[in-house]
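So the structure is just underneath, and the comments pick up after that.
The values are calculated or read from the model by the stated rules, or taken from the named source; none is laboratory data. If you're wondering where the values come from, they're calculated on a predicted model, not measured in any experiment. With ideal geometry, Cβ positions are generated from the backbone for all residues, glycine too; neighbour counts draw on all protein chains shown. Surface areas here come from the heavy atoms of the whole protein model, side chains and all, with no ligands, DNA or RNA. Shrake-Rupley method; radii C 1.70, N 1.55, O 1.52, S 1.80 Å.
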Amino acid sequence: EIGEIAEQQGCNAYVAGGFVRDLILQVQNTDIDIVIEGDGIRLAKALAAQRHGIVHPHEKFGTATVIFPDQSRIDVATARLEYYDHPAAMPTVEHSSTKLDLYRRDFTINAMAIHLNPKRFGILVDYFNSQNDLKERRIQVLHNLSFVEDPTRIFRAIRFESRLDFTITKHTEKLIKNTVQMNLFDRVEEPRFFHELKLILSEDNPIPALRRMAALKLFPFLWPDLRPNLKIDRRFLHFLTQANQAISWFKLLYLPDKIEPWMVYLLAIMSRSRTKELIAFCNRFSLPPRQRRKLIAQKTEAERVAQEMQKRPFLRPSETYWLLHELDIEGLLYLMAIARKRYIQQAVSHYVTTWRNVVPLVRGDELKAMGYIPGPLFRTIRNHLIEVQLDGQVGSREDALSFIQ
Ligand code: CTP
């Protein structure tokens, strides 16, 4: 359909980037990235009109995002030259070929395109021998200044390497090391780095990528408070592995709770740092207030609870309940990651799967019918009921009712 609109508008359309990479690798990818040799925004508008979508154009960049009624989206870009501030009366933007658009991308494996116009539909455009790199499972840049232009690509290289089980070529690795040495990071808007880190920490198992980041000396940049040139030492790895196990365990429960695993990993990485350093990290990367508040609260609370539980191995279920009830799932999983004793993990797992869902056997309206007036007393009774139920002192509704009376 995009190809047909392009044909009507007299331009060429391609699907490009990660979508093509994943198509060849036979991996699912729903992020569609379209390149138009012509006017990308005009095409996006026509596509949205046909499919009842909404267009968000960015005139300055010649790009647009189309969002369809089912919330799926397509990004449309215009293949063009850079802006020229030429003294002569030249147009500021010139339309150019897709080749330049592809050349400006991060890695060869992300620099292929496929024709969409009906007559050439499905033909692969591969100017940079990308297919071969895919076959050889190599990650390499298209030109030497790639990381200088955009240092966040360093994190992308590491993420792809670990996710796809590819290898960064020696030359590209050298360019990464040079960029790190030149300390070019400071030039880039900080939240973009955090975004890339978050993507790494959102992979199924981010540990190999984190090891690679440590080896490439990226840790001192992200966490200046951790020892410089920190190699991932044994204890640190232990926390990360436990975080990974706790998250995998939780995912296998298939509960409706939505979790943000990256938070658990971030907390595990900073488990030996103080709250002050976590705050500094949040400031440095301008984390949104909600995430910042949540990270700080979960760190302080989980660490407090860990200490408390370490001291008291024989807690009753109700005592565990009150210790844990302020923690979010991320905080609970973090607690499992830093717990030094097996019984702590066991108690947390009981809490997550059953105890936290306890409902008093006598409802509020029933209490009212019994003559209790809603207010603080209600809460006290409710809490007390939760306790006796958890500790097995009350097993049925009848028990609960007679307990109250
Ligand atoms: N890109 C780039 N430099 C960046 C980010 C992106 O050159 N710092 C290019 C890449 O060629 C990429 C395309 O823009 O293929 C789209 O970016 P994005 O959707 O972030 O990447 P994907 O490759 O689709 O990665 P993912 O599978 O993680 O979505």
> Ordered by residue, what ³J(HN,Hα) values in Hz, to whole numbers, does the stretch 378-387 give under the Karplus form 6.51 cos²θ - 1.76 cosθ + 1.60, where θ = phi - 60° and Gly and Pro are x?
Replying inline: 3, 5, 4, 5, 4, 4, 5, 4, 4, 4
> Taking only protein heavy atoms and a 1.4 Å probe, what accessible area per residue, in Å², does the chain have with all protein chains in place?
Replying inline: 53
> Using a 1.4 angstrom probe with every protein chain in place, what is the largest-first accessible-area order of Glu326, Glu7?
Replying inline: Glu326, Glu7
> Using a 1.4 angstrom probe and counting only protein chains, how large is the accessible area of Thr65 in Å², to 10?
Replying inline: 20
>> Through the Karplus equation 6.51 cos²θ - 1.76 cosθ + 1.60, θ set to phi - 60°, convert the phi angles of the stretch 10-23 into ³J(HN,Hα) values in whole Hz; use x for Gly and Pro.
In response: x, 9, 9, 10, 9, 9, 9, x, x, 5, 5, 3, 6, 5
> Which shape class, rounded, prolate or oblate, goes with the stretch 158-297 when its Cα gyration tensor gives a ≥ b ≥ c as root eigenvalues, a/c under 1.5 marks rounded, and past that a/b bigger than b/c marks prolate?
Replying inline: oblate
> If you take the square roots of the eigenvalues of the alpha-carbon gyration tensor of the stretch 269-329 and sort them as a ≥ b ≥ c, do you get rounded (a/c under 1.5), prolate (a/b over b/c) or oblate?
Replying inline: oblate
> Just how far, in whole angstrom, is the stretch 109-149 from the stretch 312-340 if you go by their alpha carbon centroids?
Replying inline: 49
> Between His58, His238, His350, which gets the highest mean-square fluctuation from a Gaussian network model of the chain, Cα cutoff 10 Å?
Replying inline: His58
> Which pairs, out of Lys258/Lys294; Lys198/Lys258; Lys198/Lys294; Lys251/Lys311, put more than 19 Å between their alpha-carbon atoms?
Replying inline: Lys251/Lys311
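Whenever you get a sec, compute what percent of the accessible area on the chain sits on carbon and sulfur atoms (1.4 Å probe).
Working: 11070 of 21280 Å².
So the carbon and sulfur contribution to the accessible surface is 52 percent.
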>> How much of the pair distance distribution for the chain lies past 32 Å, counting alpha-carbon pairs only, in percent?
In response: 52
>> Pick from Leu377, Leu102, Leu332 the residue whose mean-square fluctuation is largest in a GNM of the chain, springs joining Cα atoms under 10 Å.
In response: Leu377
> Hey, got a sec? Which trypsin sites (Lys or Arg not before Pro) in the stretch 297-405 land in a DSSP loop and have at most 14 other Cβ atoms within 10 Å?
Replying inline: Arg340, Lys341, Arg363
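So for the stretch 299-373, averaging the separation of alpha carbon pairs under 8 Å that are six or more residues apart and normalising by length, what relative contact order in percent results?
Values: 42 pairs, mean separation 25.9, N = 75.
Normalised by residue count, the contact order of the stretch 299-373 is 35 percent.
In the chain, what % of DSSP beta bridges are antiparallel (nearest 5)? Write out the running numbers ahead of the final one.
Working: 20 of 27 bridges.
Around 75 percent of the beta bridges assigned by DSSP in the chain are antiparallel ones.
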